[in-house]
Each structure stands twice: as C-alpha cells, then as structure tokens.
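A short worksheet on the structure shown next.
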Amino acid sequence: MPKESFSAVSRRKFLKDAGLMAGGASMAGVAPVTAEGSGQTSANVATVPLETAATGSPRIKLMVNGAEYEVQVDPEESLRDCLREKLGYLSIKDMCLGYGACGSCTVIMDGRPILSCLTLAIECDGKKIQTAEGIALARHPLIETYIMNHCMQCGYCTPGFLCTSKALLDRNPDPAEADIREALGGNLCRCATYIRHIPAVQQAARTLKEGM
Amino acid sequence: MPVYTTLSSYTAIGKTGVRRKDGYEKVSGTGLYTRDVYLPGMLYAKMYLSPYPHARIKSLDTKAVEAYPGVKSVFRYDDGWFKDARWRNFELWVFSHQIEQLLAQEANWAGEPAGFVVCADTPRICDEALKLAKIEWEILPFELDPEKAVAPNAVILQPHVNAGTNVRHSGSQLFEGYEVHGDVEKGFAESDKIVEFRWTEDETTVAGVEALSCVAVFRGEYLEVWAHNQIPMRTTNILKQYFGNHLHIHVHALYQGAQFGHENWIVYFTWFPIMACIFAQRTKKPVKFLYDQSYFHAGGYEHGAHNLKVGFKKDGTILAVQDRSVRAGAEVHGKLWEGTSIPHLFGTTQIPYINRPAAINYRHGMRSCGLWNNVFFRVAAETGLDPHVVAMKNDGCRGHSISWVDENVKKPKGFPMVNSLEAVFKAGKDAFGWDEKYHAPGARVLPNGKLHGVSMVHSIAWSPDPNNYFRTNQMGINIQRQTPLVRILARHADGGWNHESTICRVVADEIGVKYEDVEFRPFDDTGLDSGAGEGSGGLVRTLPMAIDAARKIRALVLAQCTTPAKSGTEPKVVDVPAQFPGLKPEDLDIKEGIIFEKARPENRKTLQQVADYHWQNYQPFIAFSGSQMHLEEVYDMGRQATWIEVEVDPETGEIEIKTVVNSNDVGKCIDPEGVNGQQYGGTYMGLSHGRQDAKVYDPATGIVLNDNLVDYKWFSFNDITGPMHQCIIESGLGYAPYGAIGIGESLGAVAATVLAGAVYNATGKWITDFPITPDKVLKAMGKI
C-alpha cells in the first residue's frame, strides 16, 4: 500500500509534489513599499518573520488593504500562503488545508470574493486585495453588525464570512435572505453561526444606505 | 433559601444587544489562534503517520531523513528519552477503546502518529523528509467493528494486554460499564407490552476547524508554551512531570478553533506539548509542532451498537429499559436515569479495542441522547400516544416522579415550584404548530410528492455534577486607576461560547459597574486558572468564583471608603481619610460605577476616583477567590425539547429539513445571544450527525476514505432551509448561581437522533442506523 494513500491529494500538495520548486525550502523575500495595514503583532507573539532567502523567483506587486507590496513568490505558492505567511495577514485561515472546501481563506480580489488557497500568487500581480483586517480598518458597518449579532463563536471561520459578505454588499446593496444564503453557502462554520449572518448583513446594508 | 446565589436586580445579566468581548478580534481576524503564532527563528515539527490500521515497526532507517537539507532533529520511537517506560503511555481514560502512546512502535489505526517525528526549518521540508524513511512493517490483523471485536472467535488485537478478549481492562478488571437500577425483570413482568429493537451510530469526527498545533520555546529556566487545548493548567502539570518541577512553565491558550470539548483531545494536548518541548530543548529554538490531519484523526463520536428491550404500560408509562451495547467509547445510560421516572434500568456497555482512533465525545454524547430518544420514540409509536404525553408521563429524576422531586428536592432546597418540561412544551409546541402538523406515520403526502414528517424529542438540560470537577479554580479581580476599570485576572481557554462576556456581565452586576468597564482576557497566564473553558462545567464551576471575587472586592471598596486608615510601610506611612467619612459600608451603594450614599445620592464619587485615591495611598483594590461549589447531590430538573419538520423524497431518499423549534430551560439566561448561538449551533451540528456525518472506512484496508472536507460533509448554511425558532425558558431550577443551567452541550446531542422519529412519521419505517443517509431511507422503503 502506498504510504500516503489514506489521504486525498489537495491542490497544495499536488503543486508541491509536482516539483515546481527546487528544494522546496526557501521562503521568498518581501519588500513592503508601505507597511500600513499589514499583519498584526501582540505582546506575546512576534509578527511573521520576513525572510529574504529566495533568489531567482519572480516578484509580484500586490496592493493589500491599501498598502503596496513587492513580493518574491514561488511558482506554486498560493495567494493564501503569500498573504498569511509572508505579509502577516493572519485573518486568512486554512480550515480545509488547501482543498478549497471551507471558505476560511476568502479574500476580496478586484471586487470578487476568492479562495486564496486555490489561487496562485504568481497570477495576482498588480491585483488589489482586501482582507478582513482591511475591512475592519475601513470601519465597514459589517464589523459592528457581526459583533452585535454574534456571528461568531470560536471565530476561526469568521473573517472568511466577513469577506464574502462584504463582497456581496459591494455588488448588491440590498440583499434578500436568499441572496445572503446563496453568497455564504460555501463558507463553513462548525459552530454553525449561519443564521446570525442574515440580520448582520441586512443591518449593515441599511447602515450603508443611510450613510449615502 | 435557594441553594444558589441571586441578585435583587439584573442589569447586564440577561440583557440583549450586549457587545461580545471577543467580537472585534474574531471578526477582524486580529485575534490570535495557536496556528497564528510565529516566533523569530522558529522551526517546525511534523509526525510520520501510520499507513496501516494495525502494524508494528520491525525496522526504521531514518538516515536519509536526518541528512535532508534543513532537517534539524529527528525523534524516534526508540529514542533514549524513553528511559522510563511510563513516559510513553498515555492511556486515554478508561472509556477509550484505544491505547494511545507517545510516538508508538505499534500503530493501532491508520493515520496514527508512529515511528518518528521530524523537526526542520519549514513545514515543507518536514513533509519532504517524512517520505525518506525506510520502514519495515509487520502487518497485524485489524478490526473496525466493535461488535465483531467482542464476538467469540474474534482475533485478539492486543494480546500483550488482554490475552483472551478484546474487551479492554480497567486495572485488573475487564471493563464493562453498568448502570443498574431497580429490577428490570420485574419491570418487564409488569409491562403491558415489550418491544425489542436495535440502534447503531457510526463514528463521526469534529472535522475542523483549526488543526492542532503547539509552540514551545525555552528561555533559560523558563519554558513558554502556546497550547491548542482547553485546559492549559493540565498541560502545565504534564510538562512539569516530564521536564522537571524546577522549570518555570508558562502555558498560553489562545483562541481555540472549534474543539467542542477537551476529552477527545487528551492525548494530543498532552503529548503534543511534550514533543514540541523536546525539540525546543534539543534545537534551542522555538518549535511549532503541527498535526494537520488532526481534525479528522482526532476527536469525534465513537461507533456504537445498542440492543434495546423496553417494557411499558398502555398509558405510556415506561417500566423497564434494558440496553446491551458495544461501543468504542463511554458508558451511556446515565442520562436516562437522571432525567426520567423509569424505575427499572439495566444497561451494559462493552468497550473493546478496535483499530479506529480514539473517540469519546464532543459537545457531549449523541450516545446518551440517542438511547433516550430511541426509547421514547418507540413507546410513543407503539402506544399510539402523542410523544408529549409519553414524555410528561415519564418525567422525573432517578426513577422518581416529578411530584416526588417537588416534595423532596425543590421545596426543601428552595427551588421554584415550577414544572420545567411543561413550560418547555408550552412554548415550543405552539411555536412549532404541533397540533396542526402531527399525523399518523406515513399519512401525509405533499403536493410535491414528498412525504411529510414531524418529530419531537426532549431531554434533560444538564450541568455536570460539580463534585466531579477536580481542577483548581481561581480568579482575581482588580479595580484599576486606568481603563479598563475592572480587570478579571484568570486564565482559561476560549471555547467560543462567549464565556468571557458572560463572566463580565456577572462581575459588572455584582460590583455595580458598567459591563463595558469590565475586561476579561482569557489568554493571560496570570498564575490563576479559572478552570473555565468546558461548556459543560463552565457556569457551575466558574460563576461561583467570579461572584465570590466580585462580592469580596465590592465589600473591600465599601469598607475602605468608609474607614480611615494608615497605609504604607515605615517611613512612608500615610493617613488615609475615608472617602465617605461618618458612614458605614451598608450606607453606600454602587451602581454603574458610581459610589453613592443611599440616603443622599448626591453624595457620590466615581469608582475610578476612589480607586485612584486608594492606589496612591497604597491601598489597591484587588480580591481573589478560589471557591468551588460543593453539592452533596444534584438533580437535573431542567428540560429541553426540539421539534422538527422534514420532507422525505421517496424517489431519492433525501431528507430535507424544513422547520426546527428548540425550547430550552436554561434556568437563568445570563447571555441571551450566547444561549441562542448554542441553540443554533447545536441544532446544525446535531442534525448533521443525524443525517450525514460519518467517517467512511475501506473495510479491506482499514483506511478512512473521506478524511477531508471535500468528502466529509457536515452541515452548511443551506442544509436547513426553513425557519428556526428558539424559546428560552428561565425556571431557576439549576444549581449554578442564579439558578442557571448549562446549554452548550446538550442540544447538539439531543438533536442528533431526532430525525429517526421524523422519518418514521413521514414513511412509517424505522431507521435507527445513524446517520440516516438516502440509501438507508430507500432500503427501508423497499426501493432498493
């Protein structure tokens, strides 16, 4: 029996095993052009280290939450890994470990919610990306309606839901329950906060409308 | 006097529209989870996982692993570190079917960490290096089915432990769980009718959300650990055993990505930190230990099979229940005894070794509620009585009727003389529209061709016996000069049910300050462990401490406000005049952070001003509590019920869930949004277990075929399409402060088997093999 036959092959694993990167060891460097809106720090926990070991890998430009970055990326590197592990956007989670099955890695790219674990970073050169941190920094009304409607329990999936909901409101300022259910149908929450997202999104929509 | 504490009025407690303390961090993604911990120079460690369900390593060659660029250390099962054999074994309670070892030579399930662990510069290097080991395995026979494992001619799976049977030992005895009350044969003899049937449930898994990890770093005599578990105090104690009592160990428990109880994870939250610390010690670097597959391999409900015999009267009175079960986990019969008047009960549970990962329970057991539900479903169906009638007829505690409980428990102990089940039914039955929707089995075909079915299950709303809780519970409260005004000092692991906000509400009301002025950061290793974390015991064990500390500090504030004193030490002794001279503590009150004279409310000062004054005069306001409830006997008197409406497609066997109503007696509702969140979550999780959650094993290889979120489907948003209605009942019948009763665990377990009754009502066929998948529906209906 093959050694790893008990586990299905994720996209990440496929890319990795395809040998697209010699050695598979180094982390690409990153050059933050402006650092505003980047990853967080804590009293106990240092921020993600920015290593500069890689050479020869292509560089891409990203605009994340309004901050410009120029980043070296490996050909098989997912956008998720790039944003989370190099740039420190830790709101981007990985519940399903790269299968694109859970929505916890959702970010908004050029206005569309995308699964960053299934998106190659190298394909994102020049893209504008918004993460949950950026939505919070922009004081989007969804932040408060999510808190007040208890759209989280353990909270691990919540940033992914937030990004999907924000993208929904960007394209549909007055979503009905069916619209919200359809939009959020691909985001998984094991604590099952699902129902609470309906009033949260609709209340944020009203706030946005009143503010116009 | 009631057995529990009360307040004359509640402000933050029970109020809706209260902002979650953890809300911003969680929604913005700025809250940290263990997987989010990155330290400068950090290394990573990953384990080799057995490809076989039962095999022993004959030889292991890790030279190529050690030589791989970027690999820093390799730890093998035969490492000299195991100089004491006891260090290897972590028997997972007496409940478990499984022997768990710290890095085993013999693997007992496919995917079990075994053989060796590699530590390297990056996770990717770990993955590559793990492939390079040369392992010669001795393949051993395996068994996945607990019933086959206890059959007479079963292959003995652990001959070095049990020579003649697979039933596991507890000490020197074969372990079989028993719950025996009354005389079950007498009960059957007095019954009008006896039914015998069987129900089974398949193994499920948490299947999410944050895969396990642990970060460790040695800083001289200090060892700092970030552990993904719900009991950081236990991790501290374990690490002291292994690394020496001289070490100063600090364990941080950050936000937890959905664990649903700690018991499943005991092995992993003990030996994970140990392994992380071994590598941190050897490499002198911070090490993050990763177990990516943990969310399928660790945790879940166990496989179980029950053979039931139930005797009852024509009026629905249940006289005797006999259950002979074989499970890969715990004994199951206690709840049926705790919450009914059934006088005769005989339950046995055999727990054999099998070749599946350890599974005990998360969000408490579907097992016990499954047993309960199946008994009540059948009696209602066999007698033709409305399920509510059967439920009321058999309501009670420990074989006693509710009228006995009224006279012998509620009245002498000062509980309200209310009937919880009656109140629960009154609210929920009407909200559901039961009388209009209930019909004879298989009697209603909808215009769309689907079969309409409804069902109801009830159960006890339980809080565990506080005497069973052994962990230290400590909490401090500090009133500060600066923001936040009130800071709660205690560490606990966040479980997601908004425990921090609940404690803050209680402390705010008890002291007399605004909720917004109270802060509880769960991660801080303050040296105090609140013991909170587990939803099952959180209220019962944590609230008394919080209340005690709050009342102490309130008394301290009022005493110091009214008593002149000398403070400080020579030569800096200062006179501290009273802030409210000439008054006694009982002359003052505190509301919304203002201390005032009751008779002259205009005589007032803010608590912040007073705290600042006393801080400057060496009299800081700080109080501690280590109290714990000690109750001789606990009766579970609160009840809950769930109603469900389904449509069953007779062509595909698909079950669509249309309407759900929950009615839950929480005793005293402290956090309404938290209660509703638990009800929504429990409903989705429970129904997911009932309809589709199951690990699928290849019988030929013993390997799990759906160990990823693509193939393992748990309920998403639109798996419940219709309305969900929540009813909250406040009877005051709980033993926790204010009469509160736990809610976090029970609903998920109760709802798990409600589908059986609904499918019977829709089709007229019993399906009690969970989950009830479409193929089972079609088979029961004779379609396949």
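Every number in this text was worked out from the coordinates using simple rules, so none of it is lab data. Treat the numbers as computed from the prediction; the structure is a model and nothing was measured. Reconstructed Cβ throughout: ideal geometry from the backbone, glycine too, with neighbour counts over all protein chains shown.
Computed quantities for the displayed model
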{"quantity": "Segment residue B:422-residue B:446, length gained on full extension (0.36 nm per residue, minus Cα span)", "calculated": "5.5 nm"}
{"quantity": "Label-point separation, residue B:711 to residue B:436 (7 Å along Cα→Cβ), nm", "calculated": "4.6 nm"}
{"quantity": "Relative packing of peptides B:157-163, B:220-226 - highest average C-beta neighbours within 10 Å first", "calculated": "B:220-226, B:157-163"}
{"quantity": "Kirkwood-based shape ratio for the protein assembly as shown, expressed as Rg/Rh from alpha carbons", "calculated": "0.97"}
{"quantity": "Cleavage-rule hits (trypsin sites (Lys or Arg not before Pro)) in region A:91-159: DSSP loop, at most 10 neighbouring Cβ within 10 angstrom", "calculated": "A:139"}
{"quantity": "Dipole of chain B [Lys/Arg +1, Asp/Glu -1 at C-beta], most positive-end residue of B:609, B:371, B:255", "calculated": "B:609"}
{"quantity": "Residue B:161-residue A:139 pseudo-label distance in nm [points 7 Å out on the Cα-to-Cβ vector]", "calculated": "6.0 nm"}
{"quantity": "All-pairs Cα distance distribution in chain B, expressed in whole percent, bin size 20 Å", "calculated": "15, 44, 32, 8, 0"}
{"quantity": "Sequence-distant residues sharing a close amide H with residue B:696 (under 5 Å, placed H)", "calculated": "B:705, B:706"}
{"quantity": "Test item: B:119-132 mean partner chain Cβ contacts at 10 Å", "calculated": "3"}
{"quantity": "Long-range amide H partners of residue B:111 with built H, under 5 Å", "calculated": "B:50, B:52"}
{"quantity": "Dipole of the protein assembly as shown [Lys/Arg +1, Asp/Glu -1 at C-beta], most positive-end residue of B:460, B:718, B:67", "calculated": "B:67"}
{"quantity": "Label-to-label distance, nm, for residues given as residue B:314 and residue B:592 (7 Å Cα→Cβ offset)", "calculated": "6.6 nm"}
{"quantity": "Under the Karplus curve 6.51 cos²θ - 1.76 cosθ + 1.60, θ = phi - 60°, whole-Hz ³J(HN,Hα) for region B:733-749, x wherever Gly or Pro sits", "calculated": "8, x, 8, 6, x, 6, x, 6, 10, x, 10, x, 8, 5, 5, x, 6"}
{"quantity": "Number of partner chain Cβ atoms within 10 Å, mean per residue of B:683-695", "calculated": "1"}
{"quantity": "Integer Hz, Karplus 6.51/-1.76/1.60 couplings in order for region B:486-494, x for Gly and Pro", "calculated": "10, 10, 8, 10, 5, 9, 7, 9, 5"}
{"quantity": "Rg and Dmax of region A:139-211, Cα atoms only, in Å", "calculated": "11.0, 34"}
{"quantity": "Mean Cβ count within 10 Å, highest first, over the residues of peptides A:71-79, B:717-725", "calculated": "A:71-79, B:717-725"}
{"quantity": "Positive-pole candidate from B:706, A:58, B:780, dipole of the protein assembly as shown, charges at beta carbon", "calculated": "A:58"}
{"quantity": "Greater than 20 Å apart at Cα, pairs in B:15/B:668; B:15/B:584; B:72/B:131; B:584/B:605; A:86/B:288", "calculated": "B:15/B:584"}
{"quantity": "Residue-span extension gain [residue B:775 to residue B:403] - 0.36 nm each, minus C-alpha spacing", "calculated": "129.4 nm"}
